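> Please read through the structure below; I'll follow up with questions.
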There are 4 protein chains.
Amino acid sequence: MRTAVLVEPHQFELQDRPRPSPGPDDVLVAVREVGICGSDVHYYEHGRIGDIVVEDPLVLGHESAGEVVDTGENATTLEPGDRVALEPGVPCRRCSHCMEGDYHLCEDVRFMATPPHDGSFSEYVSWPADFAYKLPTTVSTTEGALCEPLSVGIHACRRGNVGTGDTVLVTGAGPIGLMMLEAARAAGATDIILTDIVDEKLAFARERGADLAVNVADDDLEAAVTRYTDDGGADVVIEASGAVSSIQSTLEVVHRGGTVVLVGLANEATVPFDVLDIIDNELDVLGSFRYKNTYSAAIDLLSDGAVDVEGIVEFESTLADIDDAFERAMDPSVVKGLITVGE
Amino acid sequence: MRTAVLVEPHQFELQDRPRPSPGPDDVLVAVREVGICGSDVHYYEHGRIGDIVVEDPLVLGHESAGEVVDTGENATTLEPGDRVALEPGVPCRRCSHCMEGDYHLCEDVRFMATPPHDGSFSEYVSWPADFAYKLPTTVSTTEGALCEPLSVGIHACRRGNVGTGDTVLVTGAGPIGLMMLEAARAAGATDIILTDIVDEKLAFARERGADLAVNVADDDLEAAVTRYTDDGGADVVIEASGAVSSIQSTLEVVHRGGTVVLVGLANEATVPFDVLDIIDNELDVLGSFRYKNTYSAAIDLLSDGAVDVEGIVEFESTLADIDDAFERAMDPSVVKGLITVGE
Amino acid sequence: MRTAVLVEPHQFELQDRPRPSPGPDDVLVAVREVGICGSDVHYYEHGRIGDIVVEDPLVLGHESAGEVVDTGENATTLEPGDRVALEPGVPCRRCSHCMEGDYHLCEDVRFMATPPHDGSFSEYVSWPADFAYKLPTTVSTTEGALCEPLSVGIHACRRGNVGTGDTVLVTGAGPIGLMMLEAARAAGATDIILTDIVDEKLAFARERGADLAVNVADDDLEAAVTRYTDDGGADVVIEASGAVSSIQSTLEVVHRGGTVVLVGLANEATVPFDVLDIIDNELDVLGSFRYKNTYSAAIDLLSDGAVDVEGIVEFESTLADIDDAFERAMDPSVVKGLITVGE
Amino acid sequence: MRTAVLVEPHQFELQDRPRPSPGPDDVLVAVREVGICGSDVHYYEHGRIGDIVVEDPLVLGHESAGEVVDTGENATTLEPGDRVALEPGVPCRRCSHCMEGDYHLCEDVRFMATPPHDGSFSEYVSWPADFAYKLPTTVSTTEGALCEPLSVGIHACRRGNVGTGDTVLVTGAGPIGLMMLEAARAAGATDIILTDIVDEKLAFARERGADLAVNVADDDLEAAVTRYTDDGGADVVIEASGAVSSIQSTLEVVHRGGTVVLVGLANEATVPFDVLDIIDNELDVLGSFRYKNTYSAAIDLLSDGAVDVEGIVEFESTLADIDDAFERAMDPSVVKGLITVGE
C-alpha cells in the first residue's frame, strides 16, 4: 500500500509498505479522507512539537475516516463496506485513568501521528474496532474525518459545562475556535463571541453564526464584552488561540463564578495569571485535553444537521500532492485542508 | 381594575378591585398575556388539586407577561414601559433551600394562583422586580408569558443533564411534553421520541420535530425504542404525562446507567416501580419540581430563535370571555389557550 | 488444588482441580481469606437468585484476598509475596460503559461466583493483575477480603454524594448496612441513623457508632426521624434492607431536595412508590449497583484506621468445614462469617 | 456599649457607642468570643488590604460568637439565651448569585470588618437571625467563633471535591492550612501532606495529624510528593499560603486529572503559571472565595468531635488589651489569638 512518510522537515516520501493485517479485535480500514491538523503542519515544519521530536520517519494524519475492508475475529460490530470515523488515540484500558473513564489521560495511549506511532496518511490502517465508529448514510466520509476536531470542541464545551442560554466567548477563530462555535451552539449557548487578530477569520466566524466577533488587535475586548453582556461577562470562556495575551484576557471577560477552559497550547512555557481574580471571583480554570467519549455524539450532531463542519474545509488534495497541500496549509489564513486517499 | 375571580368551580366573576401599589422592591405590571395552564383548568373544574383546596375566591393565572407601569423605590433595574415576564413563585429568601439556590423548594414560596395566593388574570399585578424579567424587542409578550411552561422544560432537562447527542424520550405530547421537546433540542439532544395516546398530538409533535412519535395505546413502546436506539434505550426519559402506565414504562426504555426525570403529576397516589431495574441498571430517578433560575435562559433561547413556543398556542381569548376560554381549554385535544388582558 | 464446589443446594464438594496458570496480564493468587456473602448463602440455599440459576457445579465466594505466587509476563506491577485484595468483577474494557468509567455496568462483566463464572473458595485463583490490589502492611488479609462489602458502602455513599455534616439514614443493620455506616462516617456524615427489626443488630449498630438506631417493627420511623432531625429529615437515605416497607419509608424520611440510594435487592418485583413525593420534594432516587473504582479508597481507609471492618466478623472457618460454615451463616442474626483457605 | 475601633494603623480606641436595636429579622447578640484573623492583623498593620482602604474608623473582627439577648419580631427561630455563631457576610438575597446559591459571590454582600462595614470587636452586634447559628451544648462559644475559619476549610474541600481515600496536599501550615487539614480529614482524605517554611509549624501540623509535613525551604516538594504517593501526585492540592513559589508548585505535585484549589491571597498581582501543565494534565484550577452554606456543617462536625479547632488557639485576651493582642498576633509563628468580650 502507499503511505506518505515524513522523512524530514518539509519532506514527505511516498513509500510502499505492506498492508497491515487486522488483529483479532481490529478492523482493516481503507482510508478515504484525512484532515490536515495544525499539529501535522507543525511536525512538517519543525520536526517536533515541544519536547516531542520526530526522530524516525513518521506517518502523519489523525483526522481520518474510511471504509472497512476486513475484520478481526472478535470485531463483530462492523463489517466490510461500513464507513467509519477513526478515533486516533487508543488507551491501555487498564490503568486507573482508563478505569475511571478518563482514558484520554492514559499515559500509555497510542495516538496516531505522535512519535513513535504512525498516523493515517496511508491507504490502509488497522485499528481497534471499538475506536472505529460506523457512519450512517446521513454523514459523509469527510464529516467522519472532521469528527476529530469537532470532538475537541465537544469535549471543551463539556468541560466548561456549556448549557442552554449561556454566553460563551471563544478566543481564536481558527479551525478549533470554529469547532468551539459549532459545539457551543449545539449545547444551547445563545450568545457566542469569537476573537481573533485577522479580520477575514472574524468575518468568516460571523458568517458561521458568531453573535459578536472582536478583533483584539484593534479593539478592547473587556470593553466589548462588558457592553455586549451588559457588564456580566461571559459564562464560559474557551481559550483556543494559545496566544499569551488571549490566555491572560480570559480572566477579565469571564462572569464572576464563571469558567475558563484552556485548550490552545501556549507558545511560551508560562503565562502570568492574576491569581486574585481567580480567587475573588471564584473562577474555574480548567484544562481541556483532546477528548473522550465524543465520537458518538459528534456523529449524532452531524447526522442531525445540528453542526456544520464541511463548511470550514478550504481545499482538498491527494496523497500524491501532499507536499503541496502542506505548504498551502502553512498559510495561517487557510482554515482547513483535507487529503483524499485512494479511489 | 378588573380581575377574574374563580368564585366556585366553573364560575369566574369579573370584579373591580383596587389597583395595587408596588412595595419598595416591586414593580406594578399591567398584565398583557396570561397562559391557561392545566392546573388552572383543574382548579376551575374541581375547585382543588389533591389536598390543595380553593376555599376562598381565587384569582387564577401564573403564566404571565405585561408592561411595567410603576416601580418601587428600590426597583431600579426596571422602568415604566419595559415589557416583562413574571416568574410566579417568590420564595422567602432566608431558609436553607433559598440559601442553597433551591429557592423553588422554599416551603414559604408565594406562588401565583395557588391558594391563598392570587394569580394574574387581572389588569394589574404588583410583583418583586427581581422576579420580573425584561423582554428584549426580539421576544413577544406572548412568548414572555410562555416562559413559564418553557421553564418547566428547561428545568427538567437540566435535572436530567440532557446534553449534545443525547437520545431523549418524552412521555406525553401535551403542552409540557412539547416544551420538553423544545428544551431538549436546545440542550443538544439529537434524537427525541415523544409518546401519547392521541394521534393528533403525535402528528403535531412530529411536525414540531420529534424524530419518533409513538402511540402507546397501539404500539409496544419498549419494542419501538429498542428498534430506534438499536437496543440501547434512551439516555434520558422525561415523564410528562402523569399516567401510571407511562411512569412505569420509563424504567423499560431507559439506557443502563441512564436517567428518568419525573414531571407529570400522577393521578394516583402510588405507582408500582420495579426496584430491581433501578438498582441493577443503576438508574437515576429524579423528581423535577417547577423550576429555578430558568427565566433568563428561556428569554435568551426565545430571542435566539432556538426554541418556538408560540406555535403551540391554539386560541386566544379575553378576560371578558374567560369562562368560555376555560370551557374550551377543558378539551384534552386543545394544546394551549391564552387570555389577553387590557388594551 | 482443593476447591469447594456447590454441586447442589446445601451441598459443597471438595474437589481437586488443576491449579490455573496465569495469563499474560494475570497474577496467580494463593487465596487466604474469603468472606461469606448473603448472595453466596442464597445460592447455597436456593440454587438460584431470581432469574440467575446455578445449573452447573459452581465455585462460590467473591470477597477474597490472598498472596501472589506467580505473575504473567505483562503483570509487572505485582510480584510473588505481595498480598492482594481481589476485585471480583472484570469487565470487557471495550464497551461504552467501560469507556465512560462505568465498568461495573458492563454487560459482559465476568463476576466471581455468578454463573457461569467460578468464585474464590479455592486454593488458587488466576486473576487480572489490575483487579488485584496490593495490601500495605497496615492492612490485614481479612480486611483485604472485606474490601468487597466495604466497596458496596463506599459506592453507595458516592452515589448519594454523602459529605461533611450530613445526616444519613441507613435502613437495615446487616453487614451491608454496617458497611454503609462505616463509609458514611468516613465521608464526613456526622449523624447516622440505622434501622432494623432485630434489637441485637440495632444494639450492635449503636456500639459501632450509630447516633440513632430505630427498631421499625416497634417504632414509627418518620416520627423518630422528625424528632431527631428537628423536622428536616435525612440528607441522604440509603436503603440496604431490601424490605418493601423500608423501601417505601425512604420517601418519608428524606429531606426535601434530598437523595435516596437504593442498594438492597427487594424480595418482590415491584414496590409501590409515592411519585408525588418524588416530584414535589424534588428527590433523587438512585440505584446503586455493586461498585467501581473503590478498592484503592477502601484500602486507604483501612490503612488509615478511618473504618473498621474486622469488628463485624463473627466467626471464621475453613474450606474443609465450609458446609457447617454456610449452615451457620444462614442464621439471620449472624453478621459475617469468613473462610480461611490454605496454610 | 464598648467597642474597639481601629482609628489608624496600630491604634485601637475603646469607644462607647449606643447599643444597636435589632431590626425585625435580626437578633441582638452579646458578643463573647472573636478570633483574630490575618486580615484583621493586616488592616491593623497597614490600614488596607490591596485596594480596600480603611478610610474611616473601623471595627474589626468577623470570627465571632455570642449570646442572643433580644430578637426582632420575625426572628422567631432564636430566643434570648441561645448561644450563636455569626456568619459574617450577609448578601442582598436578590441578585442572580444569591438566587443561584452563590450568595458569597453577591456583589452587595455586607461583610463584617470590611470597609465600610463594622465587625464584631464590640459588646453587642445586631445581625440577621438566619446568619446566626444556634450552638448546641456540645459546642463551645470559642468553637462557635472558629466556625468562620473552619468554614474556609470546608468550602475549599467542597470546591476540590475532597472525598474518601483522597491524598490532599495543603501548602501553608498557618491557621487556614490547619483548618484545611481538619476539613480534609473530615471529608475522608486519608493522606494529608502539609508544607511550610517554618519547622515549628510543620511539627505542629504533624502533631495534629498531617501524614507528611515538608519544609519547602529545605526540601524538594515534588520529589517528596512523588516518593510519598508512589509517583501519582496528590488528588487535590489546596494552596493556603499565598506564596508565589507555592502557587506555582501546585501544578507539579497534583495528579494528572486532579484539582488545585487556590485559597491563599498572593502577595503579588500575577503568578506565572505553566499553562501546558494545566492543559496536558487536564487540571482543574479552582478559586475558592470565603464560603457559603458551611456553618451548619461546621457546627455538626464540631459537635461530633470530627474536627478540633480549639487546639489551634494560642492565646486569649480581652477588648481592653486588644492592642497588645494584635501586636502579639503579628508574630508569624503565632497560630491563633482570640479576644474575649464582655462578662
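The values are calculated or read from the model by the stated rules, or taken from the named source; none is laboratory data. Just so it is clear, the structure is predicted and the values come from calculations on it, not from any experiment. Here the Cβ positions follow ideal geometry from the backbone for every residue, glycine too, while neighbour counts run over all protein chains shown. These accessible areas exclude ligands, DNA and RNA; they are computed on the full protein's heavy atoms, side chains included. Shrake-Rupley method; radii C 1.70, N 1.55, O 1.52, S 1.80 Å.
> Within a Cβ distance under 12 Å of D:Thr137, other residues only, what is the Lys/Arg minus Asp/Glu net charge?
0
> A further question follows. Given the protein chains as shown and a 1.4 Å probe, how many square angstrom of A:Thr137 are accessible, to the nearest 10?
Number for this one is 140 Å².
> May I pose another question? Can you send over the carbon and sulfur percentage of the accessible area for the range B:121-176, probe radius 1.4 Å, protein chains only?
Carbon and sulfur: 49 percent of the exposed surface of the range B:121-176.
> Rounded to a whole number, what is D in µm²/s for the range A:67-125 from Stokes-Einstein with the Kirkwood radius over alpha-carbon pairs (10 °C, 1.306 mPa s)?
Translational diffusion coefficient: 121 µm²/s.
> Ok, one more. If I take all pairs of Cα atoms in chain A, what percentage of them are more than 28 Å from each other?
The calculated P(r) of chain A puts 42 percent of pairs beyond 28 Å.
> Any idea what Rg and Dmax come out to for the range B:88-221 if you just take the C-alpha atoms, in Å?
17.7, 50
> Against the longest principal axis of chain B, how steep is helix B:295-304, in degrees 0 to 90 to the nearest 10, with axes from Cα atoms?
Helix B:295-304 sits roughly 80 degrees off the main axis of chain B.
> Could you compute the FRET efficiency for A:Ser96 and C:Arg17, with r as their C-beta to C-beta distance and R0 at 45 Å, rounded to 0.05?
Numbers: r = 33 Å, r/R0 = 0.73.
Taking R0 as 45 Å, the efficiency between A:Ser96 and C:Arg17 is 0.85.
> Distances in nm, one decimal, shortest first, from D:Ser21 to the same residue in every other copy, taking the label point 7 angstrom along Cα→Cβ.
For D:Ser21, the inter-copy label distances come out at 2.3, 9.4, 9.6 nm.
> Label-point separation (nm) for D:Ile49 and A:Thr137, each offset 7 Å from Cα along Cα-to-Cβ?
For D:Ile49 paired with A:Thr137, the spin-label model returns 6.7 nm.
> Let me ask something else about it. In chain A, what residue has the beta-carbon at the shortest distance from the axis of the rotation relating A to C, and what is that distance in angstrom, rounded to the whole number?
So the chain A residue sitting closest to the axis is A:Gly101, 1.
> What do you reckon, how do C:Lys134, D:Lys336, A:Lys201 stack up by accessible area (1.4 Å probe), largest on top? Could the numbers behind the result be given before it?
Numbers: C:Lys134 115, D:Lys336 10, A:Lys201 35 Å².
Descending accessible area places them as C:Lys134, A:Lys201, D:Lys336.
> Can you give me the relative contact order of chain A as a percent, contacts being Cα pairs under 8 Å and 6 or more apart?
For chain A, the relative contact order is 18 percent.
> Ok, one more. Tell me, what is the 1.4 Å probe accessible area of C:Trp127, in Å² to the nearest 10?
10 Å²
> Would you kindly calculate the mean projected area, averaged across all directions, of the convex hull enclosing the Cα atoms of the protein assembly as shown, in square nanometres?
Working: hull surface 203.7 nm².
Computed as one quarter of the Cα hull surface, the answer is 50.9 nm².
> Where Rh denotes the Kirkwood radius from the mean inverse Cα pair distance, what is Rg over Rh for the range A:138-200?
Reported Rg/Rh, Kirkwood definition of Rh: 1.00.
> Something else about it: Relative to the first principal axis of the alpha-carbon coordinates of chain B, what is the inclination of helix B:175-186, with its axis defined by its Cα atoms, in degrees from 0 to 90 and to the nearest 10?
Roughly 70 degrees, rounded to the nearest 10.
> A follow-up question, please. For D:Pro332, go 7 angstrom from Cα along the Cα-to-Cβ vector, then report the distances to that same point in the other copies in nm, smallest first.
Between copies, matching label points for D:Pro332 lie 4.4, 6.5, 7.6 nm apart.
> Between 0 and 90 degrees, rounded to the nearest ten: what's the tilt of helix C:244-253 against the longest Cα principal axis of chain C?
Here the helix axis deviates by roughly 50 degrees.
> Largest first and in whole Å, give the semi-axes of the range B:252-343's equivalent ellipsoid, each being the square root of 5 times a Cα gyration tensor eigenvalue.
36, 20, 12
> Here are some pairs, A:Lys134/C:Lys134; D:Lys134/D:Lys336; A:Lys134/A:Lys201; which of them have Cα atoms lying more than 29 Å apart in this structure?
With Cα atoms farther than 29 Å apart: A:Lys134/C:Lys134; A:Lys134/A:Lys201.
> Based on the Cβ-Cβ distance from B:Arg2 to C:Asn267, what FRET efficiency comes out when R0 is 35 Å, to the nearest 0.05? Write out the running numbers ahead of the final one.
Numbers: r = 61 Å, r/R0 = 1.74.
After rounding to 0.05, the efficiency reads 0.05.
> While we're on this one: What number do you get for the range A:152-287 when its Cα radius of gyration is normalised by 2.2 N^0.38 Å, N = residues?
Against the compact-globule rule of thumb, the ratio is 0.92.
> Suppose R0 equals 60 Å. What FRET efficiency, 1/(1 + (r/R0)^6) with r the Cβ-Cβ distance, do C:Thr77 and A:Val198 give to the nearest 0.05?
0.75
> Run the label-point distances for C:Asp218 please: 7 Å along Cα to Cβ, every other copy, nanometres, shortest first.
5.9, 6.1, 8.3
> Students sometimes get this wrong: rank D:His117, D:His104 by accessible area, probe 1.4 Å, all chains present, largest first.
I get D:His117, D:His104, largest accessible area first.
> Taking amide hydrogens as modeled 1.01 Å from N in the peptide plane, which residues meet the under 5 Å criterion relative to A:Leu169, leaving out close sequence neighbours?
A:Ile193, A:Val236, A:Val237, A:Ile238
> What net charge do the residues around B:Cys157 carry, taking every other residue with its C-beta under 11 Å from that of B:Cys157, with Lys and Arg at +1 and Asp and Glu at -1?
Value of the local net charge: +1.
> Could you order B:Arg48, A:Arg208, B:Arg17, D:Arg227 by accessible surface area, starting with the largest, using a probe radius of 1.4 Å?
Most to least solvent-accessible, the answer reads D:Arg227, B:Arg48, B:Arg17, A:Arg208.
> How much accessible area per residue does the protein assembly as shown have, in Å², with a 1.4 Å probe?
For the protein assembly as shown, the solvent-accessible area averages 37 Å² per residue.
> Ordered by residue, what ³J(HN,Hα) values in Hz, to whole numbers, does the range A:148-155 give under the Karplus form 6.51 cos²θ - 1.76 cosθ + 1.60, where θ = phi - 60° and Gly and Pro are x?
For the range A:148-155, the Karplus-derived couplings read 5, x, 4, 4, 4, x, 4, 5 Hz, x marking Gly and Pro.
> If you don't mind, there's one more thing I want to ask. For the pairing of chain B with chain C, what total accessible surface becomes buried, with a 1.4 angstrom probe, in square angstrom to the nearest 100?
3000 Å²
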